[in-house]
């Protein structure tokens, strides 16, 4: 099989500078040095500052590293919820966050939309007793995006609740106003174009205060990745445990490259490439966008419903050197999923779009 360009929605194609940075990391013994060493603390600090600059993160937010975004679901519930949480569910991953809260014995409530859409927020029934509202900005399983305007309206309507935003497959593309949310999280194997195995957790003071309050009252908030412990170590550019040092180093370097390119340019290119892909789906007799309402169509994970088996399409494209994703869960054979991440060039997207139009 010829060399592949990976348009899978995570893990996906590596950012085009990763090979160079990986060599630098190996030459610098990043994989072998102590996580208590001055060298580790220096590149940990650089990664945090680069991320803070790229995302325009306010001073009242901290950046922590975990094993995955999936782990962050547990840490959020463990640290920030005494009894009740509320979840907007628009696909498999937002459903799993809700189920995580249930598994922790919380009184979790949800409002759910049909697949390929997002919950309507105008008449949400969220009680004052719901301490946290979980929202998936970009549902990777279906390609449905909850508009930022919806999230901000929820903040206005429910100012006392903590708002947790899953931006796993949309950061750094999505331009979030962090004054309107309390915690945001992502993993690096999608838009950041890195090997899997690192979750990034953005947390404001309200979340840390909630965790400290729970701890003072004798509640179980976990141990090595509790927010107070992460915060204490983070102030020293350290982690509580031996972390994915290579992942943290590479993330800092890739974010530095993104800063040189400019986040505005990255967003402009993402919009342009998404338009090319949606245009191909709309013109085709074989594909149609699964998400029909334009305001809910993801710009970073484009999902098409197919008139033929998606497995046949995937195999056909592989022969041409392009690997795309199949449908998720119940849609395995009915959908294709295409990553439109910063590492994917316009030329690569045009090549894929042309191949789709010929099917």
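Read the figures in this text as sums done on the coordinates, not as results from a lab. Values in this document were obtained by computation on a predicted structure and should not be read as measured data. Glycine also receives a Cβ, built like all others from the backbone with ideal geometry; neighbour counts cover every protein chain displayed.
Distance in nm between label sites at residue 292 and residue 272, each 7 Å beyond Cα in the beta-carbon direction?
Taking the simple label geometry, residue 292 and residue 272 are separated by 3.2 nm.
For Cα pairs less than 8 Å apart in space and 6+ apart in sequence, what is the mean separation divided by the residue count of the stretch 191-245, i.e. the relative contact order in percent? Please report the intermediate quantities before stating the final value.
Values: 23 pairs, mean separation 14.9, N = 55.
So the answer I get is 27 percent.
222 nm [θ] for the chain, helices only, -39500 (n - 2.57) per DSSP H run of 4+, per residue, to 500? Write down the numbers at each step before the final one.
Details: 11 runs with 142 residues, N = 359.
Calculated mean residue ellipticity at 222 nm is -12500 deg cm²/dmol.
Select from 178, 152, 223 the residue whose mean-square fluctuation is largest in a Gaussian network model of the chain (Cα-Cα springs shorter than 10 Å).
Highest fluctuation of the listed residues: 223.
Among 184, 89, rank each residue by its count of other Cβ atoms within 10 Å, from fewest to most, as a rough exposure measure.
Values: 184 27, 89 22.
So the residues, fewest neighbours to most, are 89, 184.
Roughly how many Å is it from the Cα centre of the stretch 321-359 to that of the stretch 1-58, as a whole number?
So the two Cα centres are separated by 25 Å.
Tell me, what is the percent relative contact order of the stretch 232-351, built from C-alpha pairs under 8 Å that lie six or more residues apart? Provide the component values of the computation, followed by the final result.
Values: 118 pairs, mean separation 27.0, N = 120.
Once normalised by length, the contact order is 23 percent.
Which percentage, to the nearest 5, of the DSSP beta bridges contained in the chain is antiparallel?
Numbers: 24 of 44 bridges.
So the antiparallel bridges amount to about 55 percent of the total.
Pull out a ≥ b ≥ c, the square roots of the eigenvalues of the alpha-carbon gyration tensor of the chain, then state rounded if a/c is under 1.5, prolate if not and a/b is larger than b/c, and oblate in the remaining case.
Numbers: a/c = 1.98, a/b = 1.21, b/c = 1.64.
Because a/c hits 1.5 or more and a/b fails to exceed b/c, the chain counts as oblate.
Please label the shape of the stretch 275-359 as rounded, prolate or oblate, based on the square roots a ≥ b ≥ c of the eigenvalues of the alpha-carbon gyration tensor (a/c under 1.5 means rounded; beyond that, a/b larger than b/c means prolate, else oblate). Write out the running numbers ahead of the final one.
Working: a/c = 1.33, a/b = 1.01, b/c = 1.32.
It is rounded, given that a/c, with a ≥ b ≥ c, falls under 1.5.
Report the residues of the stretch 67-91 in range of a label on residue 125: point 7 Å along Cα→C-beta, backbone N strictly under 17 Å from it.
Within reach of a label on residue 125, which here means backbone N under 17 Å from a point 7 Å along Cα→Cβ, the stretch 67-91 contributes 85-89.
Where a ≥ b ≥ c are the square roots of the eigenvalues of the C-alpha gyration tensor, would you call the stretch 46-118 rounded, which needs a/c under 1.5, or, failing that, prolate if a/b is larger than b/c, or oblate?
Because a/c hits 1.5 or more and a/b exceeds b/c, the stretch 46-118 counts as prolate.
What whole-number distance in Å separates the alpha-carbon centres of the stretch 258-303 and the stretch 90-136?
26 Å
Taking the Cβ of each residue in 258, 246 as the centre, tally the other Cβ atoms inside 10 Å and list the residues starting with the fewest. Spell out each step's value before the answer.
Numbers: 258 23, 246 18.
Final ranking by Cβ density, sparse to dense: 246, 258.
Considering Cα pairs under 8 angstrom that are at least six residues apart, work out the relative contact order of the chain and quote it in whole percent. Before the final figure, lay out each step's value.
On the way: 692 pairs, mean separation 89.3, N = 359.
Relative contact order of the chain: 25 percent.
Under a crude label model (7 Å from the Cα following the beta-carbon direction), how far is residue 28 from residue 232 in nanometres?
About 2.9 nm, to one decimal.
Listing 8, 300 from the residue with the fewest other Cβ atoms within 10 Å to the one with the most, what is the order?
Working: 8 18, 300 26.
Going from least to most buried by this count: 8, 300.
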